[in-house]
1. Need the C-alpha centroid separation for the stretch B:176-222 versus the stretch A:56-80, integer Å.
2. Place a point 7 Å from the Cα of A:Asp302 along the Cα-to-Cβ direction; which residues of the stretch B:275-290 have their backbone N under 19 Å from it?
3. Would you mind computing, in nm to one decimal, how far apart the modelled labels at A:Asp310 and A:Ala32 are, each placed 7 Å from Cα along Cα→Cβ?
4. For A:Lys81, give me every one of the aspartates and glutamates with a C-alpha distance below 14 angstrom, ignoring sequence neighbours fewer than eight places off in its own chain.
5. Along the charge dipole of chain A, pointing to its positive end and built from +1/-1 on Cβ of Lys, Arg, Asp and Glu, which listed residue (A:Pro209, A:Phe34, A:Phe271) has its Cα farthest out?
6. State the three equivalent ellipsoid semi-axes of chain A, derived from the C-alpha gyration tensor as the square roots of 5 times its eigenvalues, in descending order and whole Å.
7. Can you tell me how the stretch B:253-314 classifies by the Cα gyration tensor, rounded, prolate or oblate, using a/c under 1.5 as the rounded cut?
8. Convert 37 °C to kelvin, take the viscosity as 0.692 mPa s, use the Kirkwood radius over C-alpha pairs of the stretch A:63-181 as Rh, and evaluate the Stokes-Einstein diffusion coefficient in µm²/s, rounded to a whole number.
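Computed from the coordinates by the stated procedures, all read-outs in this text should not be read as laboratory data. Computed from a predicted model, the values in this text were never measured in an experiment. Cβ coordinates were reconstructed from backbone atoms using ideal geometry, including for glycine residues, and neighbour counts include every protein chain displayed.
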Amino acid sequence: MADFEEIKIPKNKIPHFSKRKTVTTLIIVVVAIFFFTGLYTVDPEEVGVIQRFGKYVDTTQPGLHFKIPFGIDTLTKVKVKHVYKEEFGFRTLQPGVKSTYSTRGYDLESLMLTGDLNIADVEWIVQYRIKDPIKYLFHIRNIEETIRDLSESVTREVVGDRSSDEVIVLSRKDIADQIQTGLQQNLDDYGSGIEIYTINLQNVNPPDPVKPAFNDVNSAKQEKERIVNEAWQNYNQIIPEAKGKAKRTIEEAEGYAIDRVNRANGDAERFVQIYNQYKNAKSVTKKRLYLETMQKILPKLDKVYIVDDDLKGLLPLLDLQKGGEK
Amino acid sequence: MKMNKYSLIILIIALIVIFNSFFTLDERQQAIITQFGDPIGDKITKAGLHLKIPFIQKVNYFEKRILEWDGEAKQIPTSDKRYIWLDTFSRWRIVDPLKFYQTVRSESFAHGRLDDIISGTTRDVVSSNSLIELVRNTNRSLVFTEEYQDNYGGGVQEEIIDMGRNNIANQIFQRAASLCEEYGIQLIDVKVKRINYNEEVGQKVYERMISERQKIAAKYRSEGQGSSAEILGKKQKELDQIQSEAYKNAQEIIGRADAEATKIFADAYNRDPNFFEFLKTLEAYTATMDNKNTMIMTTDSDYYKFLKDTDGTK
């Protein structure tokens, strides 16, 4: 019965009830959309810049945040912790442990005139960070292009005031520092909100056609050193040896001197001794000495011919040939 | 129901009207309002929500930020008749959007104007300055490596810079800036991005650089040869000195010893030269005669005289 009654009544009650329900649902949906489209997160390396009707209102730090949706608040995320990099005169093709680079076709970027009107081939890197996201977003359009243009201009200005020797050999660090100061100054003048982290001069070379000549200077330098070293080596081989030999010659001469004098003294002393005895018996001693000598000599001789002093024509007796052979 | 239908239409119309009475302006933008094409009021630069008369007034947006202009590299002769490629760039902004709107209307047209103005002034200014003025910025004295100075003396001639790169760029900027005003454009700066020699001059510069280095290399080589010869000469001299001194000293020593020996002998032998001769001769016999010798002696020799006669008198 109750059911019946209720079925009867709805005629004007159900639409009423369902209208309220629809409105509630609609409100819930709208609120839900409002919240969900209004929620946003800011990553640790970013900040969020909020504009209301185009006007800047807030900068939000990393975390979960809420903004008014439906295009009233707009969000722009800016990576303020990220370090951006621009390369000049070359491009990294594939970064990695062993990066590959290309320098082809970037000559216009890297070739520049030095103060002595020579040409240097300079490759460098600019690393920068967004220091002020507001200035970065609202003060200057196309900031990358601006940094590139300025960097080329400042680098050439610095290099133009230095000799090619300074650029290529002597003062790379100074040049990088000066570029950094100049570039930062210019970017500040523009109110760009950019902070230059580092300027790294990569390869600084003479231009390709001149490279062999520069290398030749180095090889000539080394050649010079080599030749001089070889000469000294020769000197060091010869001179100490000659000094040693000279010493030896003198030592030998001294040896000879000692020997000579000693022997002379010995011989003289011997003679004096013999003479002292000889003085007392001259004839006998002389004969004895003679005979003793003959006694010593004769057995050693090949042949001794004893010939009568009257005999003439000795030659036929001698077989000289035979004697010679023996 | 009929009533509802009308109210809905009215509501929609009202919404459209309301929406059309407001406009937002971004921080990056500025705007002027035109009414049937006629500009109304001042430029609007403040970002946020703004009012206008719906449908009748139209909002024209312009950039408020600093904008870029990068010209094409141009071949220009300097006052010292050197042909160079000069590449300049500039930053600018729209300061008077109304004038801008009336004269150039869009950015791409503005670029065309800037091309004309900056290229022209650049050509004028550059061609009345020498190359060195464009390259150098200050009178900072250049530093060279020792090897370079050795070859080119201290006399690496340095020209005095009157203007310098930045002043020249500034002069271009000053002239161009005043020409830009009538377009509602404020020029912020003009800078020289690149200066390069043209092909022909570049080739000559390369040749000069090569010959400079060749000179230096040749100098190193001949220095090497020179030092080497010097060292070898020194070696030969010292060698000769060492050897001859040693010879001299040795001969002196030997000579002294010989002299002393001679004196010793003389002193001794002078006691009886005759006996000395006898003794020395006997010694010599002993020393020199051996089985290679054959001796023929007569029986009247002192040794064999007794073979014929016991008295040995015959």
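1. 47 Å
2. Output list for this probe position: B:285-290.
3. Label at A:Asp310, label at A:Ala32, 17.5 nm between them.
4. Partners within reach: A:Asp43, A:Glu45, A:Glu46, A:Asp132, A:Glu195.
5. It is A:Phe271.
6. Numbers: eigenvalues 3016, 179, 93 Å².
Over the Cα atoms of chain A, the semi-axes work out to 123, 30, 22 Å.
7. Working: a/c = 6.58, a/b = 2.09, b/c = 3.15.
In terms of gyration-tensor shape, oblate.
8. Estimated diffusion coefficient is 193 µm²/s.
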